[in-house]
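Every number in this text was worked out from the coordinates using simple rules, so none of it is lab data. On a predicted model such as this, the values are computed, not experimentally measured, just so you know. FYI the Cβ positions are ideal-geometry reconstructions off the backbone, even for glycines, and counts take in every protein chain you see.
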Amino acid sequence: MENPVLDVRGLSIALPKGADRTFAVEGLDLQVFPGKITCVVGESGSGKSLTARAAMGLLPPKVAPTSGQIMFEGRDLLTLKPDEMRQMRGQKISMIFQEPMTALNPLMTVGKQIDEILTVHTSLGGKARREKILALFDEVKLPNPKRIAAAYPHELSGGQRQRAMIAMALILDPKILVADEPTTALDVTTQAQILKLIAELQEKHKTGVLFITHDFGVVAEIADQIAVMQYGKLVEVGTADQILNAPKAEYTKALIGAVPSLTPRAARSGFGRRMLTVDGLNKYYKSGGGLFGKPTAFHAAKDVSFTLDRGETLGVVGESGSGKTTVARCLVRLLQPEEGKIDLDGIDLAGMTKRELKPYRNRVQMVFQDPYASLNPRRKVADILVEGPINLGKPAKEAHARARELLSLVGLDPKVAERYPHEFSGGQRQRIGLARALALEPEVLVADEPVSALDVSVQAQVLKLMDEIREKFGLSVVFITHDLRVAAQVCDKIIVMQRGVVVEAGKTADVFAAPSHDYTRELFASIPGREWSSAPEVTA
Amino acid sequence: MPNARLRYVARRIVQAIPILLAIVVLNFCLLKLAPGDAVDVLAGEAGSATPEYMAELRAKFGLDQPLPVQLVRYVGQIATGDFGYSFRHEMPVWDLIVDRLGPTAILMVTTIVLAVGVGVLLGLLAAVNLNTWKDSVISILALVSYATPLFWVGLMLIVVFSINLGWFPTSGMENVAAFYEGWDRVWDIAHHLVLPAITLSLFYLALYTRLMRASMLEQAGMDYVTTARAKGVKEGRITFKHILRNALLPVLTMAGVQVSAMIGGSVIVETVFGWPGLGQLAFESLFARDLNLLLGIFFLSAVLVLVVNLLVDILYTFLDPRIEL
């Protein structure tokens, strides 16, 4: 094998005093080879991002490496003077980030931001720099390079922004590209394109890539070599084939086992009576147009129709902007649809006023995506759980007793009722969110991306819990997700949405076996690691 | 784009008309709530006015009409650009205001430039030298200036710099007896301007210093700053090319809102320093119950606030490409 272009030896990174552990990274050995992609996989808190930052010399203040070396071109990056390290960055080692919107300066054109890297590291003239930028835009397949160069970040789509970031990172042909979750914030079809682009470019330029991710699907898609990390320590390292198909460490096996399979689960039948009939639902967002202006309308949901039986789970699948969250919010009537019916067990909720709606509010409840933002940080868990029921007239004592029951039902110690939300982990918070919805004794549960902010192992637990609860209470569930793997495991039937329109609907197994609409096919083709997943099951 | 901007300005001007009308009506009603009118004051000063004479004066000024009639008449006047007549000064209100507008404009513009300019500079300096003695000195000075009342600062500056040291004149806008011409006059006015401008700007300067410091620190933690570091850009360039412009936006917003508050502050400062501006005029006319004059000044202030807000909004579109008109 070739010599590694980046060689991390025994790296330890200390966290500031008072952190939950002493070392963010402990005794890490890791190698990146030219023209190869090394994936560092781990859940949140595994130290994978700090490893990437250490290689860039961009550790946050008060976080410092305590021992080890990061060898690059015969020199230890950790011992370089700040200015020497600065000259390395952008020129020899460059980086792309998770969220291209915030990673770009909002007040500077994209062209100018890339130009900056050239003015800092080279003595090229204005014309040569411009030509170089436009040529590279062409290489990262940005349409109309001149327009992109003159555009501000907010004028580009998410995928275009990430392409521009990649162009920025690769413009000086660095030896190493550090990619920190570069596709996590992107839609699945865009993610597939960006992954392909990274793989193509790194092969062409013989760049060594250190690719940080939490997603085994992405890993399966592009990795040559995989390192699995947990709690700052290296669990296992090996070739992609070896780790993905014959993992040795228990932790790796568990992680891979938690990745939902793409084979839909066995179809269920014998649901109860019809709970929910949505017919011709339309929602517009109007904006602008104060006193004299003309308002502009955005058609967020067009003629959406579906039905849901008691005990059944409907998946609403789509990318950002597809209108799936709009539909969810209409169902719980956080939004008022302009047209259409939302028939809940014989009562039409769509046109009701707030007052008329009050007695029915509790029957449709929502679980939100972000377990951090959806719980009031200043209220104790017990208060969060009893607020709804007391509002509906339940005696306080009864509501409190019920809250504690619910907490044990969602797998938490009833004693935690006296604590505040920030004391819980993401998965625990999502359990509280679930308990909050259940406290109102709903018949229909609307879950908007309930597991997409969670680590994969936690995700599996929460999905299992939701399944148990659905079973126990005979709930009907509307499950909004962008993740087809999750949809395959959770939903009895799915609808696929694109730009506000339902393009495909059917039993989960049927849609997965033979998608009929072009867009659905594109979605399926974009699922990262689909070939690996359809390979014979790994024995975990 | 320029076309869109023009259309936006036109729309804002049209929108301003009902706002101004509401302000006129509100001001009128508020002032009429206070007891006493110009005739009371005139009669009181003259000493021996009979009730018949007072009634005659009221009839002459139109103050004997019922309030709604007076209001409608006044609004009609304003609509035709007539600000009425100041019986106190025996001059049209418009002439009086125009006379005083110049000095107030000089004071306001100097104050704003001083407060925003120096405030931004000090905030920048404090943020760049975070947690060093420079930062501490600037932060403490800002805190002290922020907490000191305006009039007291004015009086102390007069005591120290005018009376004890004799560096600056105690009051007025220029040395009238000297009959300066050209640059000599400019210099003379500038000399008179120093103390009132410092007094009026000190509070806002402190505010913008603190705001700018906080804004710089907030922006320094943003992702795009990390990106700039990852590109190998030098720290100095990151501060000036990336952080500074982003950090300026909240300061600008705040300054735009506060221009109106400064007009209020200028009443005190103009009185303390004998600066012949609108604030002083408003103060005098309030005690003389010269409501026509007072209403004229209020109306002009309202127009000023609307214009400044419009200017700030337009300036914003140049500084922040994300804002659309």
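Modelled spin-label separation between B:Leu21 and A:Ile347, with each label point placed 7 Å from Cα along the Cα-to-Cβ direction: 4.6 nm.
Both radii were evaluated on the Cα set of the range B:137-228; the Rg over Rh quotient, with Rh as the Kirkwood radius, amounts to 1.20. Across the options B:Ile106, B:Met216, B:Leu202, the greatest Cα extent toward the positive end of the charge dipole of the range B:101-319 (unit charges at beta carbon of Lys, Arg, Asp, Glu) belongs to B:Met216. Radius of gyration (Cα atoms) of the range B:40-123, expressed as a multiple of 2.2 N^0.38 Å: 1.71.
A viscosity of 1.567 mPa s and a temperature of 4 °C, combined with the Kirkwood radius over Cα pairs in Stokes-Einstein, give a translational diffusion coefficient for the range B:2-93 of 82 µm²/s.
Distance distribution P(r), the range B:201-325, all Cα-Cα pairs, bin width 5 angstrom from 0: 2, 9, 14, 15, 15, 12, 10, 8, 6, 4, 3, 2, 1, 0 percent. Considering only alpha-carbon pairs that sit under 8 angstrom and 6 or more positions apart, the relative contact order computed for the range B:2-93 is 22 percent.
The local environment of A:Leu409, defined by Cβ-Cβ distances under 15 Å, has a net charge of +2 under the rule Lys, Arg +1 and Asp, Glu -1.
Rounded to the nearest 0.05, what FRET efficiency do A:Asp29 and A:Glu200 have when you use their Cβ-Cβ distance and R0 = 25 Å? Can you show the working numbers first?
Working: r = 29 Å, r/R0 = 1.16.
Approximately 0.30, to the nearest 0.05.
The ranking of B:Arg185, A:Arg86, A:Arg431, A:Arg378 by Cβ neighbour count inside 10 Å, starting from the fewest, reads A:Arg378, B:Arg185, A:Arg86, A:Arg431. Working from Cα pairs under 8 Å separated by at least six residues, relative contact order for the range A:220-267 is 26 percent. Taking other C-beta atoms within 10 angstrom as a stand-in for reagent exposure, B:Ile158, B:Ile297 fall in the order B:Ile158, B:Ile297, fewest first.
In the P(r) worked out for the range B:112-173, what percent of Cα pairs fall beyond 16 Å? That tail contains 61 percent of the Cα-Cα pairs.
Ranking B:Asp320, A:Asp29 by Cβ neighbours within 10 Å, fewest first, what do you get?
Working: B:Asp320 18, A:Asp29 13.
If I rank by nearby Cβ atoms, fewest first, I get A:Asp29, B:Asp320.
For the range A:424-540, the equivalent ellipsoid derived from the Cα gyration tensor has semi-axes of 26, 19, 13 Å, listed largest first. Selection among B:Leu42, B:Ala59, B:Pro18 by position relative to the dipole of the range B:2-93 gives B:Pro18 as farthest towards the positive end (Cβ unit charges, Cα centre). Calculate how many DSSP beta bridges within the protein assembly as shown are antiparallel, expressed in % of all such bridges and rounded to the nearest 5. That works out to approximately 55 percent antiparallel. Close amide H pairs (under 5 Å, H built 1.01 Å from N) link A:Met366 with A:Val446, residues at least 5 positions away or on another chain.
The shape of the protein assembly as shown can be summarised by an equivalent ellipsoid whose semi-axes, obtained from the alpha carbon gyration tensor, come to 62, 39, 26 Å from longest to shortest.
Which one, A:Gly351, A:Ile226, A:Pro61, projects farthest toward the positive side of the charge dipole computed for chain A from Cβ point charges (K/R +1, D/E -1)? Result: A:Gly351, furthest along the dipole toward the positive end. For the range B:101-319, dividing the convex hull volume of the Cα atoms by the residue count gives 155 Å³ per residue. Take the Cβ-Cβ distance between A:Arg147 and B:Leu30 as r, set R0 to 51 Å, and report the resulting FRET efficiency rounded to the nearest 0.05. Efficiency, from the Cβ-Cβ distance: 0.40.
Specify the longest stretch of chain B that does not include any exposed loop site, a site being one of the GluC sites (Glu not before Pro) with a non-H, G, I, E, B DSSP assignment and at most 12 other Cβ atoms within 10 Å. Present the calculation step by step, with values, prior to reporting the outcome.
Details: sites that count: B:Glu90, B:Glu181, B:Glu324.
Between the exposed loop sites, the longest stretch runs B:182-323.
Model label points for A:Ala297 and A:Glu522, set 7 angstrom from Cα along the Cα-to-Cβ axis, are 2.6 nm apart. Using the Karplus relation 6.51 cos²θ - 1.76 cosθ + 1.60 with θ = phi - 60°, the per-residue 3J(HN,Hα) values for the range B:204-211 come to 5, 4, 4, 4, 5, 4, 5, 5 Hz, with x marking Gly and Pro.
Scaling the Cα radius of gyration of the range A:186-269 by the globular reference 2.2 N^0.38 Å produces a ratio of 1.27.
Close amide H contacts of A:Asp345 (hydrogens built in the peptide plane, cut-off under 5 Å, sequence separation of 5 or more or a different chain): A:Leu276, A:Thr277.
Whole angstrom only: what separates the Cα centroid of the range A:369-392 from the Cα centroid of the range A:83-98? That distance is 44 Å.
Residue by residue, the range A:492-508 carries 3J(HN,Hα) couplings of 7, 9, 9, 10, 9, 10, 9, 6, x, 10, 7, 8, 8, 9, x, 4, 3 Hz when phi is fed to the Karplus relation 6.51 cos²θ - 1.76 cosθ + 1.60 (θ = phi - 60°); x denotes Gly or Pro. Net charge dipole, the range B:101-319: roughly 940 debye, given to the nearest 20, about the Cα centre with Cβ charges of +1 for Lys and Arg and -1 for Asp and Glu. Each Lys or Arg adds one and each Asp or Glu takes one away; over the other residues whose Cβ falls under 13 Å from the Cβ of B:Ala38, this sums to -2.
Scanning chain B for chymotrypsin sites (Phe, Trp or Tyr not before Pro) in DSSP loops with at most 12 other Cβ atoms within 10 Å, what's the longest stretch left with none?
Values: sites that count: B:Trp167, B:Phe179.
Longest stretch, sites excluded: B:1-166.
At 0.36 nm per residue, minus the direct Cα-Cα distance, what do B:Val41 and B:Arg11 gain on full extension? Give it in nm, one decimal, please.
Between B:Val41 and B:Arg11, full extension yields an extra 6.4 nm.
For the protein assembly as shown, the dipole from Cβ point charges (+1 on Lys and Arg, -1 on Asp and Glu) about the Cα centre works out to 980 debye, to the nearest 20.
Rounded to the nearest 20 debye, what is the charge dipole size of the range A:330-370 about its Cα centre when +1 sits on each Lys and Arg Cβ and -1 on each Asp and Glu Cβ? Could the numbers behind the result be given before it?
Numbers: 7 positive and 7 negative charges, 56 e Å.
Its charge dipole is roughly 280 debye.
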